[in-house]
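Laboratory data are not the source of any read-out in this text; all were calculated from the coordinates shown. These figures come from a predicted structure and were not determined experimentally. With ideal geometry, Cβ positions are generated from the backbone for all residues, glycine too; neighbour counts draw on all protein chains shown.
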Amino acid sequence: MLRLPHLPAHHQDPAPGRAGPAFSSPAAVRALLETARAAPSLLLLLDYDGTLVPIAPTPDQAVPDAALLALLRRLAARPATAVHVVSGRKHDFLEQHLGALPVGLHAEHGVWSRPAGGSWRSVPLDDLSWMVPARALLVGFLARTPGALLEEKTAGYSWHYRAADPELGRLHARELSLGLATLLRGAPAQVMQGDRVVEVRPSEVHKGTVPRALAAGAPPGVLLLALGDDRTDEDLFAGLPDGGLAVHVGPSDSLAPLRVADVAAARRLLEELAAG
């Protein structure tokens, strides 16, 4: 992944009395846009939750609004530009809400992919037997954590506790993560903690596999630009080829060289790109 040379430094925008994250300066964002506009072709890789739409109390509530759908259409209509949404969501959710758009879709961190206007295909997975004991443990923690819910996927689970008591949710998320790590030791599965979610997924598939596959079939000189907000998007950024650009959305830790504050700022960046 390329760290943009000679970009203006980030500026600190902390809350009073405590240090805050370093968000990229307006000059750094302009430099990013200039680089993207100058590329002979552009491939956009966009996370969904926390990047294109705000995190919602439950996954089903985080649906795209009309403004976002129009923005994605404008980006896809931009000359020499391909748009891909790379999400941990199930493929039926992405198909329902984004399937009519001329964009590529990648679900469950890359387990499922669908080119713009094409059909869904899944990658071969060798062993999913770990899902049975993992589910039993996850369901057990549901009963102990009022407000938590389990999102069941083709090849994994997401245990959400955004609607649970915050202190109890954090405590049980830590216990659950440790329990899953012990239970699945030696299995081809990975346990990750995100923004009020514990995820279990196949270890051989992650968001970083998506840019590698797309870059292999891209035209010479293509620039890959990725936006994401959480730990799974660090895999996306790490999967960018040399020259790729990464933008982190929000205050959490990231190795991305550029950072914007929130979903609104991410959308503004994309609006400027669509207009230019």
Inset, instruction - Enumerate the whole-percent occupancy of each 10 Å bin, from 0 to the last occupied one, for all C-alpha pair distances of the stretch 131-202. - result: 21, 61, 17, 1
Inset, instruction - Take Ala163, project a point 7 Å from its Cα along the Cβ direction, then tell me which residues of the stretch 129-143 have their backbone nitrogen under 15 Å from it. - result: 142-143
Inset, instruction - Under 14 Å from the Cβ of Glu272, count the other residues' Cβ atoms, weight Lys and Arg +1, Asp and Glu -1, and hand me the total. - result: +4
Inset, instruction - Give the Debye-formula value of log10 I(q)/I(0) at each listed q (0.10 Å⁻¹), with one equal scatterer per alpha carbon of the chain, two decimals each. - result: -0.52
Legend entry - Dipole axis of the chain (+1 Lys, Arg; -1 Asp, Glu on Cβ), positive-most option in Leu138, His91, Leu258: Leu258
Inset, instruction - Would you mind getting the Kirkwood hydrodynamic radius of the stretch 120-276 from its Cα pairs, rounded to one decimal in Å? - result: 17.5 Å
Legend entry - q = 0.12 Å⁻¹: log10 I(q)/I(0) that the Debye formula gives for the stretch 199-259, counting C-alpha atoms only: -0.29
Inset, instruction - Quantify how much of the Cα-Cα distance distribution of the stretch 96-138 extends past 14 Å, in percent. - result: 59 percent
Legend entry - Calculated [θ] (222 nm, deg cm²/dmol) that DSSP helices of n ≥ 4 give over the chain, each run adding -39,500 (n - 2.57): -10500 deg cm²/dmol
Inset, instruction - Could you give the size of the charge dipole of the chain about its Cα centre, using +1 on the Cβ of each K and R and -1 on the Cβ of each D and E, expressed in debye and rounded to the nearest 20? - result: 300 debye
Inset, instruction - Can you find, among Pro166, Pro102, Val191, the residue farthest towards the positive end of the dipole of the chain? Put +1 on the C-beta of Lys and Arg, -1 on that of Asp and Glu. - result: Pro102
Inset, instruction - Note the full-extension length gain between Arg231 and Ala100 as 0.36 nm times their separation in residues minus their Cα-Cα distance, in nm to one decimal. - result: 44.3 nm
Legend entry - Ala143-Arg30 pseudo-label distance in nm [points 7 Å out on the Cα-to-Cβ vector]: 6.1 nm
Inset, instruction - Please give, to one decimal in nm, the separation of the simple spin-label points placed at Glu175 and Ala38, each 7 Å out from Cα toward the Cβ. - result: 5.6 nm
Legend entry - Lys, Arg +1 and Asp, Glu -1 on Cβ, resulting dipole of the stretch 149-255 about Cα centre, debye, nearest 20: 200 debye
Inset, instruction - Could I have the simple spin-label model distance between Ala56 and Glu272, label points 7 Å from Cα toward Cβ, reported in nm to one decimal? - result: 2.9 nm
Legend entry - Residue-span extension gain [Arg185 to Arg212] - 0.36 nm each, minus C-alpha spacing: 6.9 nm
Legend entry - Rounded to the nearest 20 debye, dipole of the stretch 131-202 from Cβ charges on Lys, Arg, Asp, Glu: 140 debye
